[in-house]
Every structure is written in C-alpha cells, then in structure tokens.
1. Considering only residues of the stretch 91-110 that are buried (at least 18 other Cβ atoms within 10 Å of the Cβ) and of a type in the set (S, T, N, Q), which is modelled with the highest pLDDT?
2. Which of (1) surrounded by 13 or more Cβ atoms within 10 Å (Cβ to Cβ); (2) within 14 Å of S40 (Cα to Cα); (3) at pLDDT below 85 is the odd one out, the single condition D129 does not satisfy?
3. Output yes when any residue across the stretch 147-162 is aliphatic (A, V, I, L, M), surrounded by 15 or more Cβ atoms within 10 Å (Cβ to Cβ), in contact (Cβ under 8 Å) with a residue 60 or more places away in the chain and part of a strand (DSSP E or B), and no when none is.
4. Residues that are of a type in the set (D, E), in contact (Cβ under 8 Å) with a residue 12 or more places away in the chain and closer than 22 Å to D147 by Cβ: list the strands (runs of 3 or more DSSP E) wholly contained in the stretch 44-104 that include at least 1 such residues.
5. Can you tell me which of S40, S44, S61, S76 is over 30 Å from D129 (Cβ atoms), among the small types (G, A, S) and either surrounded by fewer than 17 Cβ atoms within 10 Å (Cβ to Cβ) or modelled with pLDDT of 85 or more (or both)?
Amino acid sequence: MKTLYITIALLITGLLSVNAQDKNRATAGIKGGYNISSVSFDGSSETGRLHGYHIGIYGESYIGKFLSIQPEILYSKQGYKIIDDNGTYTQKLDYINVPLMLKLYPVKSFFIEAGPQIGFSISHKETFDAGFILYDTSEEFEPSNLDWGVNVGTGFKSDGGVSLGVRYHLGQSDVYDQDKPKNRVWQLYLGFEF
C-alpha cells in the first residue's frame, strides 16, 4: 500500500513540474454535498453507516489539455453507528479535510479523480442509547487528531462550471488506538465555480 502512495506522490510531483499547455486556466469555487460514513475495524468488519454532509472551497488548475490539479478545504461531518442487542452506539466526528485531487478529463465534460487527503479532527460526540433512560450515556472517547487516506471518484462538469460527482474516501490511519478503525466515506457533491 505504501508503494501506491509513493507512486501517487511522484505522479503529482512530476505533473506539477511539466510545462503546462494551459497555464492561465485556473478556477475556484464552492462545493458541498451528502456523506455516508462508516468505520472499518481490523479490515474485516464495518460498522453501520452515519449520514452527514460536507461543505468547502476548491481551486482547479489545468496542467494540460486533459489534466488538472484540484486542492480543496472541506468541513465534513462523519462517524459511524454500532447497533447490537445492548443498544445503539453513535460516534460523530467532525473534520477539516484537505484533499489534493488529480483530475483526468477523457472526454470534455466527464472526469475521473484520485488523490491523497489529510483530515484534522476538530470535534467529536459519542452517545449510547440502550432504550432505557437509566442506561443511556454520553461517554467521551478521544479520536486521533489526524486522519489520512486516498480518495477516488468520478463526475461531470458543465461548460458553465457546475460539477456533479461522487467520491470514496479510503482512510489509512487509525481513528483510535484499538482495533485499527479506519474511516470509510462516500460523498455525493455539487460544485459551483466563481
């Protein structure tokens, strides 16, 4: 897996150093959308999904006729649920995510994207609902401050600068110290260029 990350980093670095054909093509915009998040434990089991949202800004710089680099800064509501016979445990995690996406346009309006992402945990809230008031708790579990992983996605971008896409985040760092929990997030988003 480390080889994949090194390859992606070298690819991005190499593309940034290429003499771009369209140096003046750069845009910026806002984007937001819907999250479906969960956590994978030990790579073998996945929790129940939690619904959330993300919103932020992006810039897109074209480094060729068919390629662009898109850095983003996003506020993202993520987390997961675990439902068993004892009740429902819910973990809500808020992140500031900073993805750096390499976008390929094989045809004019359609793109494929991939790239690394770093996330910074800014708040969290845990609840346990046992179905009985006496057993409900709000115990705090401290997540890791840093999350990182890889994003892949696809979408469409109109001539007017409106984007519609779907993206999957495959977290690689542990949310907690035990059981190696890693973030998994599906995102459906809409973007508008300024």
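1. Of everything passing the filter in the stretch 91-110, N97 is modelled with the highest pLDDT.
2. Failed condition: (2).
3. As a first pass, look at the stretch 147-162 and keep what is aliphatic (A, V, I, L, M): 150, 152, 162.
The next check asks that each one be surrounded by 15 or more Cβ atoms within 10 Å (Cβ to Cβ); those that pass are 150.
Next cut, in contact (Cβ under 8 Å) with a residue 60 or more places away in the chain only: 150.
With the extra rule that they be part of a strand (DSSP E or B), the set shrinks to 150.
Looking through the stretch 147-162, at least one residue is aliphatic (A, V, I, L, M), surrounded by 15 or more Cβ atoms within 10 Å (Cβ to Cβ), in contact (Cβ under 8 Å) with a residue 60 or more places away in the chain and part of a strand (DSSP E or B).
4. On the way: elements: 50-62, 67-84, 87-104.
Here the list reads 67-84, 87-104.
5. Values: S40 fails: over 30 Å from D129 (Cβ atoms); S44 fails: over 30 Å from D129 (Cβ atoms); S76 fails: over 30 Å from D129 (Cβ atoms).
Among S40, S44, S61, S76, only S61 is over 30 Å from D129 (Cβ atoms), among the small types (G, A, S) and either surrounded by fewer than 17 Cβ atoms within 10 Å (Cβ to Cβ) or modelled with pLDDT of 85 or more (or both).
The values are calculated or read from the model by the stated rules, or taken from the named source; none is laboratory data. Values in this document were obtained by computation on a predicted structure and should not be read as measured data. Positions of Cβ are backbone-derived with ideal geometry, glycine not excepted, and every protein chain shown enters the neighbour counts.
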